[in-house]
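The values are calculated or read from the model by the stated rules, or taken from the named source; none is laboratory data. Only a predicted model underlies this, so the values are computations on that prediction, with no experimental measurement involved. Positions of Cβ are generated from backbone atoms using ideal geometry, with glycine treated the same way; all protein chains shown enter the neighbour counts.
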Number of protein chains: 2
Amino acid sequence: MTTLTPSDKALVPFVSVDHMMQLVHHIGIEEVLAGLADYIEADFRRWELFDKTPRVASHSAEGVIELMPTSDGEVYGFKYVNGHPKNTKEGLQTVTAFGLLADVGNGYPVLLSEMTILTALRTAATSALVARYLAPKGATTMAMIGNGAQSEFQSLAMKRIVGIDTVRLWDTDRAATEKAARNLSGLGLNVVKCDSAEDSMEGAQIITTCTADKQYATILTDNMIGSGVHINAIGGDCPGKTELAPAILDRSDVFVEFPPQTRIEGEIQQMAEDFTVTELWKVMTGAAQGRTSADQITLFDSVGFAIEDFSALRYVRDRIAGTDYYHDLDLLADPDDPRDLFGMVKRAAPQ
Amino acid sequence: MTTLTPSDKALVPFVSVDHMMQLVHHIGIEEVLAGLADYIEADFRRWELFDKTPRVASHSAEGVIELMPTSDGEVYGFKYVNGHPKNTKEGLQTVTAFGLLADVGNGYPVLLSEMTILTALRTAATSALVARYLAPKGATTMAMIGNGAQSEFQSLAMKRIVGIDTVRLWDTDRAATEKAARNLSGLGLNVVKCDSAEDSMEGAQIITTCTADKQYATILTDNMIGSGVHINAIGGDCPGKTELAPAILDRSDVFVEFPPQTRIEGEIQQMAEDFTVTELWKVMTGAAQGRTSADQITLFDSVGFAIEDFSALRYVRDRIAGTDYYHDLDLLADPDDPRDLFGMVKRAAPQ
């Protein structure tokens, strides 16, 4: 008896945008951020296990489409992500993404998930995880420069994971600041709307920059940065896009995810090829030092790496088990006899 | 008023395995093969336009998982595909695949599709398209060596596109031959079950090899091949996997899709790095010659290239328009205000 119902092996759990939002509310957004940080930290600590390749990018005049694959030898993952700075003008997201996990042993996908929301969550979790290692002890205040789609996620992650109580918002577009302040109200943070970048940095131990222009910009100049702060530089994340004056990099100890990628995409693309950086995984395993003095400027030159997406997808896979926050997608052809793909198609003919 | 219903931009048309089979029967499998060959030929003729990269492969002891991206400057496409030769022993497909098209201008995906069935169809369409250029005029008979999942698709494509009337089946596993013969019955081909590879090549102008072992094998030895035939070598398609004796390659004019990839993955991995090959797109544009004499042995060293998948996805996208053979997938987060991703998540909270 032939049936058209696909077998279990042919069905891939799919987490839609709607299911992702339901899952986040079911767990609680701060708990999700903390959970993601734990998964990311666990994977950074076994960094050497991973198959690491710089992302595979397809550039165009309007933006970039990238595939970010990695594998820990048992599970394979990749993310599709685009970056199109002009999209906002047309009412579209600058960045959209989805991702997949598969079983290395047989190559069958085991999870397909939206990653536009998940990427914002994992980027924030990574920022806060890194700040927990590098920011001055007892940091209470973050300057959030650039109040776009990432800003609220960054703020909440720093609250939950680092313990800040105040976020100072600044954006050249006042409406963006108003939006972020409105979204963050009632979530347990003191939210201060500031009138300039300098104003936002008043009393801040952590400075996060996340602006969206695809061009060399100088959001922070050297004279704006005092000693002892931690800079979380999110926005300089593709060739030709940076936010910090090179003089700041010279004064800072710079920490990165994966040097071959960061040297192309990060703030350090402005520096010499042998500019000294420290790999974050080494800080997390204890193989390298993080912050060593109160006066030091630490700088996370964040570009986003495939392993963080892998960790985030692992987290989602573990959390959806036994819930209704996914549905099964008939993505894989799976004939009863694997050599009989044609027979499966033939038998599906309408009577 | 905020709604949780995603906007049109957030929805990506998805063609499941079941929808793909329905679409194939709606159009007719031979018409699909002919349509795919037309799309592939059109894209080969504008070959120089495409962004071409060898596939991005993640190898393991059990097999390989690959991403195959390409772009024509307006549309971006990629395929996820695995190759795990031992899967059949566990009742799984050796190869499963899915693919995606996206708009280069804004990075938004516009089609997600199963590609396990579609890959078998496009591989067969490519084989037959190439044979139409290279096989002896008036070819009537194909030897089909290896009667696994690809064999019936290959046979039907050669019937529809090249005009053969007879297929001679051979496999070391008699059950595979019986399966292929059963599937091909009633489809307008004379089907002959053969007792050896030599037997299958009796009177054949086209010889297709498609066996699955991930190892250097010699399915065809030099003395088995007479003059004037066209060899369609499908199975040698990854490092360490070949089917033909090198002496055959020496006697043949070898045609390939994309030399940098074929030299790694194809039959010619056995040959010197400067072994002479002809690019098929040049044969199709008239920039290079195909078959020039009746005695010549032509050989298509097929490994499968990203542009063929791109063509196949374009074909599917055009054919599903206005039909019910897809459903919309809530894959992309698309807040009303693109900077307000967090607000979209916040407003999705259960009341």
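With respect to B:Ser127, determine if the residue is in a helix (DSSP H, G or I) and either in contact with a strand residue (DSSP E or B) (Cβ under 7 Å, 6 or more places away or on another chain) or on the phi > 0 side of the Ramachandran plot (or both). Yes: the conditions hold for B:Ser127.
Checked against the criterion of being over 17 Å from the mean Cα position of the chain (by Cα), closer than 20 Å to B:Phe342 by Cβ and at the interface with chain B (Cβ under 8 Å from one of its Cβ atoms), the candidates A:Asn87, A:Asn190 yield just one match: A:Asn87. For the range B:98-126, a residue qualifies if it is at the interface with chain A (Cβ under 10 Å from one of its Cβ atoms) and of a type in the set (Ser, Thr, Tyr), and the qualifying residues are B:Tyr108, B:Ser113, B:Thr116, B:Thr119. In this entry, B:Thr292 passes the filter for residues that are outside any strand (DSSP E or B) and either of a type outside the set (Asp, Glu) or outside the structural domain of B:Asn232 (by TED's automatic domain parsing) (or both).
Taking the conditions exactly as written (facing chain A (nearest Cβ under 10 Å) and either touching an Asp or Glu at 6+ places or on another chain (Cβ under 7 Å) or free of Cβ contacts under 8 Å to residues at least 60 places away in the same chain (or both)), does B:Glu178 satisfy them or not? Criteria not met by B:Glu178. Comparison of A:Leu129, A:Leu184 shows that the only residue that is crowded, with 22+ Cβ neighbours inside 10 Å, modelled with pLDDT of 95 or more and more than 9 Å from chain B (Cβ to nearest Cβ) is A:Leu129.
If the condition is being crowded, with 20+ Cβ neighbours inside 10 Å, closer than 14 Å to A:His230 by Cβ and not aliphatic (A, V, I, L, M), then the range A:291-305 contributes A:Thr298, A:Phe300, A:Asp301, A:Ser302.
In the range A:329-345, which residue that is assigned to a helix (DSSP H, G or I) and crowded, with 20+ Cβ neighbours inside 10 Å is farthest from the other protein chains (Cβ to nearest Cβ)? Here the residue is A:Met344. In this structure, B:Leu169 does not qualify as touching an Asp or Glu at 6+ places or on another chain (Cβ under 7 Å), assigned by TED's automatic domain parsing to the domain that holds B:Gly203 and touching a residue at least 12 places away in the same chain (Cβ under 8 Å).
Could you say whether any residue in the range A:112-120 is touching a residue at least 40 places away in the same chain (Cβ under 8 Å), farther than 25 Å from B:Pro335 by Cβ and touching a Ser or Thr at 6+ places or on another chain (Cβ under 7 Å)?
Going residue by residue through the range A:112-120, those that are touching a residue at least 40 places away in the same chain (Cβ under 8 Å) are A:112-119.
Then keep just the ones that are farther than 25 Å from B:Pro335 by Cβ; that gives none.
Scanning the range A:112-120, I find no residue that is touching a residue at least 40 places away in the same chain (Cβ under 8 Å), farther than 25 Å from B:Pro335 by Cβ and touching a Ser or Thr at 6+ places or on another chain (Cβ under 7 Å), so the answer is no.
Comparison of B:Gly35, B:Gly73 shows that the only residue that is among the small types (Gly, Ala, Ser), outside any strand (DSSP E or B) and within 14 Å of chain A (Cβ to nearest Cβ) is B:Gly73. I'd like to check something: does the range A:136-147 contain any residue that is within 21 Å of B:Leu332 (Cβ to Cβ), touching a Ser or Thr at 6+ places or on another chain (Cβ under 9 Å) and modelled with pLDDT of 95 or more? The answer is no, given that none of the residues of the range A:136-147 is within 21 Å of B:Leu332 (Cβ to Cβ), touching a Ser or Thr at 6+ places or on another chain (Cβ under 9 Å) and modelled with pLDDT of 95 or more. For the range A:266-285, filtering for residues that are surrounded by fewer than 23 Cβ atoms within 10 Å (Cβ to Cβ) and in contact with a strand residue (DSSP E or B) (Cβ under 8 Å, 6 or more places away or on another chain) leaves 8. Of the numbered criteria (1) at pLDDT 95 or above; (2) touching a Cys at 6+ places or on another chain (Cβ under 9 Å), the one A:Glu265 fails is (1).
Per-residue answers, yes or no, for (1) more than 30 Å from A:Ser58 (Cα to Cα); (2) in contact with a Ser or Thr (Cβ under 6 Å, 6 or more places away or on another chain):
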site: A:Val192; (1), (2): yes, no
site: A:Glu198; (1), (2): yes, no
site: A:Ile219; (1), (2): no, yes
site: A:Met224; (1), (2): yes, no
site: A:Glu257; (1), (2): no, no
site: A:Pro260; (1), (2): no, no
site: A:Ile264; (1), (2): no, no
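Residue under question is A:Ile231, and the condition is that it be among the aliphatic types (A, V, I, L, M), in contact (Cβ under 8 Å) with a residue 60 or more places away in the chain and buried (at least 23 other Cβ atoms within 10 Å of the Cβ); does it hold?
Spelling it out, A:Ile231 is indeed among the aliphatic types (A, V, I, L, M), in contact (Cβ under 8 Å) with a residue 60 or more places away in the chain and buried (at least 23 other Cβ atoms within 10 Å of the Cβ).
The residues of the range B:270-284 that are over 19 Å from the mean Cα position of the chain (by Cα) and either assigned to a strand (DSSP E or B) or farther than 13 Å from B:Val256 by Cβ (or both), listed by number, are B:Gln270, B:Ala272, B:Glu273, B:Asp274, B:Thr278.
Does B:Gln215 meet the test of being modelled with pLDDT under 95 and more than 23 Å from B:Thr116 (Cα to Cα)? It is false that B:Gln215 is modelled with pLDDT under 95 and more than 23 Å from B:Thr116 (Cα to Cα). Which residues, taken from the range B:52-70, are aliphatic (A, V, I, L, M) and either buried (at least 23 other Cβ atoms within 10 Å of the Cβ) or not in a loop (DSSP other than H, G, I, E, B) (or both)? Selection gives B:Val56, B:Ala57, B:Val64, B:Ile65, B:Leu67, B:Met68.
As for the range B:83-95, it holds no residue that is free of Cβ contacts under 8 Å to residues at least 40 places away in the same chain, part of a strand (DSSP E or B) and not β-branched (Val, Ile, Thr).
When A:Gly322 is tested against (1) outside any helix (DSSP H, G or I); (2) in contact with a helix residue (DSSP H, G or I) (Cβ under 9 Å, 6 or more places away or on another chain), only condition (2) is not met. One residue stands out among those in the range A:95-122 that are out of contact with any Gly (no Cβ under 6 Å at 6 or more places or on another chain) and polar (S, T, N, Q): the one that is surrounded by the most Cβ atoms within 10 Å (Cβ to Cβ), which is A:Thr96. Count of the range A:43-69 residues, restricted to those that are in contact with a strand residue (DSSP E or B) (Cβ under 8 Å, 6 or more places away or on another chain), at the interface with chain B (Cβ under 8 Å from one of its Cβ atoms) and not small (Gly, Ala, Ser), is 7. Within the range A:256-282, residues that are touching a residue at least 60 places away in the same chain (Cβ under 8 Å) have Cβ atoms under 6 Å from residues that are surrounded by fewer than 21 Cβ atoms within 10 Å (Cβ to Cβ) and part of a helix (DSSP H, G or I) in these pairs: A:Trp281/A:Trp47, counting only partners at least 6 apart in sequence or on another chain. Scan the range B:19-35 and tell me whether some residue there is under 20 Å from A:Ala102 (Cα atoms), in contact with a Gly (Cβ under 9 Å, 6 or more places away or on another chain) and either free of Cβ contacts under 8 Å to residues at least 40 places away in the same chain or surrounded by fewer than 21 Cβ atoms within 10 Å (Cβ to Cβ) (or both). No. Within the range B:308-319, one or more residues are surrounded by 17 or more Cβ atoms within 10 Å (Cβ to Cβ), of a type in the set (S, T, N, Q) and assigned by TED's automatic domain parsing to the domain that holds B:Gly35.
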